[in-house]
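The numbers here are math on the coordinates, done by the rules we state, and not lab data. Bear in mind the structure is a predicted one, so any value in this text is a computation, not a measurement.
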Amino acid sequence: MSISNFQKRLLGMQDNLLSFAIKLTANYDDAHDLLQDTTCKALANESKYVDDSNFRSWIFTIMRNIFINNYRRIVRAQTVVDKSDDLFQLNLPQVETSETPENYCAFSEVSEIVNSLPEEYRRPFTMHVDGYKYQEIADAMNLPLGTVKSRIFFAKQKLQSQLDDYRR
């Protein structure tokens, strides 16, 4: 299959993929993120596609697997394992309310890095962290939706690279 033919078929499936993503996520913004991830993954794995197999099935399987992996990642992140002898920790609130010097230093360092971002990246990122939806941010900043998503993505990448020590 030629590259242009593969891309044409993939672009022709975007509406169907978006409908499927909306059914999976039940959220319009998450569905667009899932669609973008699926498209990127399909393009990255184009060489693995076998010409005489079902293209539609192959693409939908990629989307379903990405959704399942993301769901499992979220569930693992929210799972609390109590290793105490009497399972005492299960009844405690999961939000840490104590201010420790380490937490204050970490917060101030993260805040400093966020504030060092250029305004065009900092504003959409902070609005996203504050709970605004992509479309609300785009409307408030008078920008296209794709630009807002890209700026938030690049801000997250910059933060991850600068805060690499905290992941270890």
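Computed 3J(HN,Hα) for the range 34-40, one whole-Hz value per residue from the Karplus formula 6.51 cos²θ - 1.76 cosθ + 1.60 where θ = phi - 60°, is 5, 4, 5, 4, 5, 4, 4, glycine and proline marked x. Rounded to whole numbers, the Karplus 3J(HN,Hα) couplings from phi for the range 13-20 are 8, 4, 5, 5, 5, 5, 4, 5 Hz, using 6.51 cos²θ - 1.76 cosθ + 1.60 with θ = phi - 60°, and x at Gly and Pro. Distance from the alpha carbon centroid of the range 1-30 to that of the range 115-168 works out to 24 angstrom.
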